Structures are given as structure tokens and as C-alpha cells.
Amino acid sequence: MKNDLNAFVAADPSKCIGCRVCEIACAVAHLDKTVKTVGSLNAPLLPRLYLVKTPETTMPVQCRHCEDAPCVKSCPVSAINRRDNKIMMAEQRCIGCKSCLLACPFGAIELIAVCPDDRSRDYNVVASKCDLCSGKLNGPACVAACPSQALRYVNIAEERKCRQLHAATKAGNFIKEFRAREG
Amino acid sequence: MKHSLIKIDDELCTGCRRCAAVCPVDAIEGKQGQPQMIHSDKCVMCGQCVQICSGYASLFEEYETPRDQKMRERHMPPAVNEPLFAAYHTGDYPKVKAVLDNQNAYTMVQCAPAVRVAIAEEFGLPLGSLVPGKLAAALRRVGFSRVYDTNFAADLTIMEEGAELVQRLTKGGTLPMFTSCCPAWVTFIETRYPELVKHLSSCKSPQQMAGTMFKTYGAQLDGVTADQVYSVAVMPCTCKKFEAERPEMNSSGYQDVDAVLTTRELAYLIKEAGIDFHSLPEESFDNPLGIYSGAGTIFGVTGGVMEAAIRTAYEMITSKKLDNIELIQVRGSQGRRQIVLDLGTMKLKTVVVSGLKHAVPILENLKKGIADFHFMEVMTCPAGCVSGGGQPKMLLPVDCLASHQRRTASTYQHDAELLVRKSHDNPAIKAIYQEFLGEPLGHKSHKLLHTHYHVSHPDH
């Protein structure tokens with residue numbers, strides 16, 4: 001396996017406080033124009049990650065950019081593709097059939113209404129999901145906005161390396177201790 | 001009113017408790033992950049919880065209470081499209097709208113210094129845009145009969161508060177003296193430190209001084225009676241709504257300020273009237289109660305009242321001209337700043353505090369008899385009124401600091417650009433003392449511009 005697995009954003013439920021700033025940051029990052037204040041926002045907030053609260057846990061859920069993505073396979077019009085190590089939705093091709101919504105095991109896909117232009121009263125219903133803030137300089141907006149550092153951009157190669165190092169260090173230390181004890 | 005001004009919608013609150021962390025008086029109670037409650041006896045209505053809350057009504061979730069009902073409960077106009085957040089304040093919007101729709105109403109409006117450096121943000125302009133001219137034009141176009149300014153009353157406050165400080169210093173009186181412009185601070189002292197109430201300046205806040213002047217002097221100028229005037233204040237502050245309804249605030253014989261709109265509520269009014277804020281011309285506030293100095297305008301930032309007071313008090317005490325009027329030492333963002341001013345005969349020691357929590361150790365020391373200063377300015381909100389609970393709310397916390405800094409910078413820029421920068425040099429202030437008030441701390445100004453703060457009991 002080469003180091004070209006898709007990256008994704010993961011939430012740590014032990015750190016998440018459920019404030020929803022990630023959702024707002026996501027929605028704001030995907031607006032056509034820069035909006036800073038609530039009052040100047042003349043549109044609904046449409047995030048691409050969703051805070052989930054159960055009695056046991058609180059965390060946002062978003063697209064995992066699966067390697068064998070069920071959404072890609074389920075799409076009858078090839079509107080979902082793998083591109084630049086991400087699973088990307090081509091909204092202009094989407095016909096709103098909801099197959100991807102059914103296929104996604106994480107519930108990471110929503111159907112949203114999109115107006116082709118500001119003046120139009122017509123709208124299309126299309127699938128929407130995390131694009132890892134593709135094209136944004138500072139990486140995913142949700143990660144940057146989280147006040148409790150509960151979100152993390154997971155780079156698979158680095159993650160694996162990091163875990164292997166951690167495991168090796170731990171095992172090495174254990175063996176050293178064991179040897180010392182055994183004399 | 002106090003009990004219902006700031007609220008948390010338990011359908012929208014996720015229990016992240018960031019509001020509890022920002023509350024300066026620990027008034028927000030609840031478990032992590034559960035909807036929070038505001039302890040109304042402790043709440044000073046500063047609205048900082050409203051500013052930080054990001055628990056919003058998601059389009060992807062269903063709520064028992066429909067959006068239009070939530071908007072009615074919040075006193076918001078139906079056409080507003082913005083998302084609704086869990087922490088909110090109820091408002092005076094419907095009241096003011098009804099009065100403006102009545103062709104026969106005689107309305108006078110005042111606008112706080114911090115509003116002109118923030119309102120444009122609600123129309124997509126850059127953070128901290130300075131727009132006094134467009135603001136005056138907008139107030140005229142939404143239908144106010146007289147477009148006056150709180151800044152004028154801030155200058156008036158300096159005349160009275162400066163004179164009061166000089167009197168306490170020279171003739172004796174309770175020292176140190178505390179500023180009384182910030183209603184959340186006054187409420188805090190009344191409820192938590194009743195034994196220190198006597199330290200508060202007896203001056204009313206600029207909002208209340210303006211309200212009184214509108215219904216007395218202003219009414220007299222326009223040939224109307226106090227009961228005909230409907231007086232509205234536009235404020236960056238949520239607690240100003242509470243202040244306006246205090247029973248002692250009726251020196252004109254009527255409630256001096258009938259309604260208070262926050263900066264955000266004024267933006268609703270402008271939008272609802274279909275006014276294109278961007279294309280508004282630059283107009284000025286009406287004479288004479290809309291003429292102000294740079295000292296009046298810096299009331300909007302932490303340290304501003306102190307700087308304005310020193311600009312006047314120095315000249316009152318020393319009879320010398322203060323050349324270096326930009327007192328950089330009192331400016332800044334630290335929670336506590338101190339400066340010592342050489343007045344020749346004495347050294348005036350002053351303290352500036354922003355953020356109520358920073359005031360507590362000072363008050364505790366004062367109770368123990370340890371106080372090494374004469375005059376203290378306290379503003380409840382972190383950067384002063386520019387960061388008030390009624391100001392435009394940032395969508396993202398990362399923009400909060402930038403908005404405070406830019407609003408502050410614009411405030412100082414406005415001061416620097418004004419020709420008159422000391423309250424006692426304001427020609428309209430000179431005129432009002434000559435024609436109407438007499439002298440600072442005189443009989444008439446005492447009756448109209450001062451009050452007695454009292455010890456309040458939560459049950460009363």
C-alpha cells in the first residue's frame with residue numbers, strides 16, 4: 001500500500017464540548033462571500049459536519065473519505081469521485097436521488113437546496129458533504145475553529161508512523177524494564 | 001424586566017458551558033451537556049453569553065417550537081433571516097417600530113459612541129468601520145424626529161463627574177470614586193458590594209443624562225412637552241435596557257429613556273425599512289444635543305471615560321492647558337491599568353478596569369481598607385462598550401478579538417479627527433450650562449443629572 005490514502009477529519013468525543021462552532025465554521029467556509037457577523041448572514045447555515053449528541057457521547061460526524069466509498073459506488077450519475085486524495089461531490093451533476101445518503105454508513109451526507117443564482121426562485125436539491133475545505137489555504141475550517149481542539153486532520157501516513165513509533169517506544173521501554181527486573 | 005432580559009433557549013442549548021466560562025458573575029448554572037439556566041439574581045445582564053453562544057438552530061434538526069414563534073419571543077422582526085442562537089436577549093424592537101409607524105409621535109433618538117464603529121458590520125462592511133455620518137442618516141431615514149447623540153451626554157457626564165471628583169478630592173467625600181456609566185458594573189456593586197455603593201459617582205450614565213435632557217431642554221427647544229417626547233437610545237449594551245427602566249430614572253417627570261435598541265436591533269430596523277446602508281449619504285447629528293467632542297466619543301472603549309475625565313479634570317484643577325491629550329497609558333487591553341497624574345498640588349492615582357472579574361480583587365482590598373487610588377473606571381465588557389452584549393455578534397470566536405481591536409482603533413481615530421477633543425471645550429456643552437443648567441453640580445444639574453444608587457435586594 002502506498003502512502004496515498006485519503007485524509008479525513010476525526011473528532012475526539014472526550015474533548016468535544018458540543019458547542020457547534022465547527023458546524024458554523026464549516027458553513028461559513030462554504031459561503032460564496034466572506035461573512036463575519038450573524039446579522040450580515042442572509043442565508044441559512046449549511047454545515048457539512050453534524051454535531052451528534054447521545055446520552056453517552058457528543059461529537060461531530062463527517063465524511064471519512066472512505067477508500068472504497070459506498071457513496072461513489074452508489075451514485076448512478078457519477079457525481080461523486082475520488083480526486084486529490086478526497087472523495088468529492090460534483091454538485092452540478094447531482095440529481096438528488098439520495099442513493100449516497102442511504103449508502104453512507106456514517107450519515108455524513110445531507111441533501112440541501114441550492115439556488116443556481118441569487119435572483120432565482122428555482123432551486124435544485126443536491127447532495128452535500130465534507131470536502132476537507134478543498135482549495136482553502138488554512139486547511140479544514142472546523143479544525144481551526146474548535147475551541148477545545150477536539151478535531152484533528154488525520155494524515156494517514158503520518159498517523160501510522162506516529163502510532164508505530166509510539167508502539168515501538170512503549171514496547172522497547174517495557175522490555176528494558178523487564179530485563180532490568182530480571183537482572 | 002431584570003429577570004427576563006437575557007435568556008437561554010433550552011431547545012437550542014447543547015450545554016457546552018462556554019457561556020458559563022465567560023460570565024463575569026457566575027450566573028450561568030447547569031451541567032455539562034445539559035441546557036443551561038441563568039440565575040437572574042446574579043446576572044448583571046452584560047450579554048457576553050449572548051456574544052459567545054454558538055448553539056444555533058440547525059436546519060437539519062427539528063424543534064418543538066417553530067422558528068417564527070422563537071422570533072416573536074425574542075422580539076425580532078419576522079423578515080430577519082439570520083440563524084437563531086441559544087443565548088439571546090429580548091428586545092424593544094416591536095415597541096420602537098410601533099412608535100415610528102405612528103406619524104404623530106415625536107421621537108428623539110440618541111446613539112452611543114460604540115455603535116458608530118460597529119453597525120456597518122451588520123451590512124457586510126469590514127470589522128470596525130467608522131460610520132457616524134451614515135448612522136445619523138440611517139436614524140433620520142427610519143423616521144426619528146430628532147437625531148441626537150449620546151456622545152453629547154458623555155461630554156456632559158465628564159463635566160459633572162469631573163466636578164464631582166474635584167469636589168471629593170478638595171472638599172472631602174468618599175474616595176476612591178468609581179465611574180457609574182456602566183449599568184452592569186453599577187448593578188454588580190449594588191448586589192454584591194452594597195457597602196461600597198457610596199464610592200460610585202452620583203452621576204447618571206450618559207444614556208440617562210441624554211434622556212433627561214431630551215425631555216427637558218430638548219423638548220423646550222422644540223416647543224413640545226416632556227410627555228409628547230418618545231426617547232429612544234441605541235446602545236451596544238444589553239444592560240442599558242434594564243437601566244432605562246430603573247424607577248429612579250425619571251427626572252423629566254416621565255421615564256427619561258422610553259426604549260433601548262441594541263446595535264443589532266437598529267440594524268433590523270434599517271433592514272426592515274428597506275434602506276440600503278451602503279449608499280446612505282454622510283449626514284450630521286442634530287443640534288445642539290448631537291454635538292460632541294473627541295472625549296465624548298472615547299467613552300466607547302475601556303479607559304475612555306478615564307481619559308476624557310482627565311482631559312477635563314486636569315484643566316479644572318490646575319487651570320493649565322493639557323497639551324498631551326492622548327493618554328496612551330490608560331489605553332490598552334489589559335484587565336487593569338494604573339496611572340498617576342501630576343496635578344501640581346497632588347498626584348491623582350487612577351485605575352482602569354475592563355472585565356468585571358478584574359475588579360473583584362480591587363474591591364476586596366478596598367473592603368480591607370487597602371486602596372491606593374482616587375478614581376477607578378470599570379467597564380464590564382472585555383474591551384469596553386465596543387465589545388458590548390448588544391454589538392454585532394461574530395459568527396466565529398476567532399473574529400472577536402479582531403472586531404474589538406478594529407472598533408477600538410476606529411474610536412480613537414474618530415477622536416483624533418475631531419476638532420474639539422475636550423468635553424469642556426464643546427460649544428454645545430458651554431451653551432447648555434449657560435442657558436439651562438447653570439453650573440456643574442449646581443441645583444438644576446444635581447436634580448436632573450445625578451441619582452442615588454441604593455442597595456438592592458434580589459427579592460424586592
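Quick note: the coordinates plus some simple rules give every number you see, no bench work behind them. Remember, predicted model here, so these are calculated numbers, not experimental data. Glycine also receives a Cβ, built like all others from the backbone with ideal geometry; neighbour counts cover every protein chain displayed.
Conditions: (1) without any contact (Cβ under 8 Å) to a residue 60 or more places away in the chain; (2) surrounded by fewer than 24 Cβ atoms within 10 Å (Cβ to Cβ); (3) polar (S, T, N, Q). B:T216 meets all but one. Number of the miss?
If we test B:T216 against (1) without any contact (Cβ under 8 Å) to a residue 60 or more places away in the chain; (2) surrounded by fewer than 24 Cβ atoms within 10 Å (Cβ to Cβ); (3) polar (S, T, N, Q), just (1) comes out false.
Tell me yes or no: at least one residue of the range A:79-94 is within 14 Å of chain B (Cβ to nearest Cβ), in a loop (DSSP other than H, G, I, E, B) and not acidic (D, E).
Step one: list which residues in the range A:79-94 are within 14 Å of chain B (Cβ to nearest Cβ), which gives none.
No, that holds for no residue.
Identify all residues within the range B:72-88 that are outside any loop (DSSP other than H, G, I, E, B) and within 14 Å of A:G39 (Cβ to Cβ); write none if there are none.
Of the residues in the range B:72-88, the ones outside any loop (DSSP other than H, G, I, E, B) are B:72-73, B:85, B:87-88.
Residues satisfying the conditions are B:F85, B:Y88.
Going through the range A:59-103 one residue at a time, which ones are within 16 Å of A:A10 (Cα to Cα) and over 16 Å from the mean Cα position of the chain (by Cα)?
Result: no residue meets the conditions.
Could you go through the range B:23-37 and let me know if any residue there is in contact (Cβ under 8 Å) with a residue 60 or more places away in the chain and either out of contact with any Pro (no Cβ under 9 Å at 6 or more places or on another chain) or assigned to a loop (DSSP other than H, G, I, E, B) (or both).
Filtering the range B:23-37 for residues in contact (Cβ under 8 Å) with a residue 60 or more places away in the chain gives B:24-25.
Among the residues that remain, those that are also either out of contact with any Pro (no Cβ under 9 Å at 6 or more places or on another chain) or assigned to a loop (DSSP other than H, G, I, E, B) (or both) are: B:24-25.
There is at least one residue in the range B:23-37 that is in contact (Cβ under 8 Å) with a residue 60 or more places away in the chain and either out of contact with any Pro (no Cβ under 9 Å at 6 or more places or on another chain) or assigned to a loop (DSSP other than H, G, I, E, B) (or both).
I'd like to know if the range B:303-318 contains one or more residues that are assigned to a loop (DSSP other than H, G, I, E, B) and more than 20 Å from B:E161 (Cβ to Cβ).
Start the filter on the range B:303-318 by keeping residues that are assigned to a loop (DSSP other than H, G, I, E, B), which leaves B:303.
Checking the rest, the ones that are also more than 20 Å from B:E161 (Cβ to Cβ) come to none.
The answer is no, given that none of the residues of the range B:303-318 is assigned to a loop (DSSP other than H, G, I, E, B) and more than 20 Å from B:E161 (Cβ to Cβ).
Does A:G18 meet the test of being in a loop (DSSP other than H, G, I, E, B) and within 14 Å of chain B (Cβ to nearest Cβ)?
Values: in a loop (DSSP other than H, G, I, E, B): yes; within 14 Å of chain B (Cβ to nearest Cβ): yes.
It is true that A:G18 is in a loop (DSSP other than H, G, I, E, B) and within 14 Å of chain B (Cβ to nearest Cβ).
Go through the range A:30-53 residue by residue and tally those that are more than 10 Å from chain B (Cβ to nearest Cβ) and within 25 Å of B:D10 (Cα to Cα).
Of the residues in the range A:30-53, 3 are more than 10 Å from chain B (Cβ to nearest Cβ) and within 25 Å of B:D10 (Cα to Cα).
If you take just the helices (runs of 4 or more DSSP H) that sit entirely in the range B:368-460, which of them hold at least 2 residues that are under 21 Å from B:I158 (Cα atoms) and hydroxyl-bearing (S, T, Y)?
On the way: elements: B:400-417, B:427-432, B:443-449.
Counting at least 2 such residues, we get B:400-417.
Just to verify a result, which residue in the range B:319-331, among those that are of a type in the set (A, V, I, L, M) and part of a loop (DSSP other than H, G, I, E, B), is surrounded by the most Cβ atoms within 10 Å (Cβ to Cβ)?
Restricting attention to the range B:319-331, the residues satisfying the condition of being of a type in the set (A, V, I, L, M) are B:322, B:325, B:327-328, B:330.
Now drop any that are not part of a loop (DSSP other than H, G, I, E, B), which leaves B:322, B:325, B:327.
On the way: B:L322: 15, B:I325: 17, B:L327: 21.
Only one residue fits best here, namely B:L327.
I need the full set of residues from the range B:273-290 which are polar (S, T, N, Q) and assigned to a helix (DSSP H, G or I), in order please.
The first filter runs over the range B:273-290 and keeps only residues polar (S, T, N, Q), leaving B:279, B:284, B:287.
Of everything in the range B:273-290, just one residue is polar (S, T, N, Q) and assigned to a helix (DSSP H, G or I), namely B:S279.
Of all residues in the range A:133-147, which are surrounded by 15 or more Cβ atoms within 10 Å (Cβ to Cβ) and on the phi < 0 side of the Ramachandran plot? Give the derivation first.
Keep residues of the range A:133-147 that are surrounded by 15 or more Cβ atoms within 10 Å (Cβ to Cβ), which gives A:133, A:140-147.
Within the range A:133-147, A:P140, A:A141, A:C142, A:V143, A:A144, A:A145, A:C146, A:P147 qualify.
Does the range B:78-94 include one or more residues that are more than 10 Å from every other protein chain (Cβ to nearest Cβ) and among the aliphatic types (A, V, I, L, M)?
Quick first cut of the range B:78-94, residues more than 10 Å from every other protein chain (Cβ to nearest Cβ) only: B:78-79, B:87-94.
Now narrow it down to the ones that are among the aliphatic types (A, V, I, L, M): B:79, B:87.
Yes; the residues of the range B:78-94 include at least one that is more than 10 Å from every other protein chain (Cβ to nearest Cβ) and among the aliphatic types (A, V, I, L, M).
Against the condition buried (at least 23 other Cβ atoms within 10 Å of the Cβ), among the hydrophobic types (A, V, I, L, M, F, W, C), within 9 Å of another protein chain (Cβ to nearest Cβ) and without any contact (Cβ under 8 Å) to a residue 24 or more places away in the chain, how does A:A27 come out, does it pass?
Values: buried (at least 23 other Cβ atoms within 10 Å of the Cβ): yes; among the hydrophobic types (A, V, I, L, M, F, W, C): yes; within 9 Å of another protein chain (Cβ to nearest Cβ): yes; without any contact (Cβ under 8 Å) to a residue 24 or more places away in the chain: yes.
For A:A27, the condition - buried (at least 23 other Cβ atoms within 10 Å of the Cβ), among the hydrophobic types (A, V, I, L, M, F, W, C), within 9 Å of another protein chain (Cβ to nearest Cβ) and without any contact (Cβ under 8 Å) to a residue 24 or more places away in the chain - is met.
Kindly indicate whether B:Y230 is touching a residue at least 40 places away in the same chain (Cβ under 8 Å), of a type outside the set (K, R) and not in a helix (DSSP H, G or I).
On the way: touching a residue at least 40 places away in the same chain (Cβ under 8 Å): yes; of a type outside the set (K, R): yes; not in a helix (DSSP H, G or I): yes.
Yes: the conditions hold for B:Y230.
Residues are listed down the side, and each one gets a yes or a no for (1) closer than 24 Å to B:G294 by Cα; (2) more than 19 Å from the chain's Cα centre (by Cα):
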| site | (1), (2) |
| --- | --- |
| B:A359 | no, no |
| B:I362 | no, yes |
| B:G369 | no, yes |
| B:M376 | yes, no |
| B:V386 | yes, no |
| B:A402 | yes, yes |
| B:L418 | yes, yes |
| B:K422 | yes, yes |
| B:P427 | yes, yes |
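Is it true that B:V115 is among the β-branched types (V, I, T) and either within 14 Å of chain A (Cβ to nearest Cβ) or out of contact with any Phe, Trp or Tyr (no Cβ under 9 Å at 6 or more places or on another chain) (or both)? Talk me through it step by step, then tell me what you get.
Working: among the β-branched types (V, I, T): yes; either within 14 Å of chain A (Cβ to nearest Cβ) or out of contact with any Phe, Trp or Tyr (no Cβ under 9 Å at 6 or more places or on another chain) (or both): yes.
Here the answer is yes, as B:V115 does meet what is asked.
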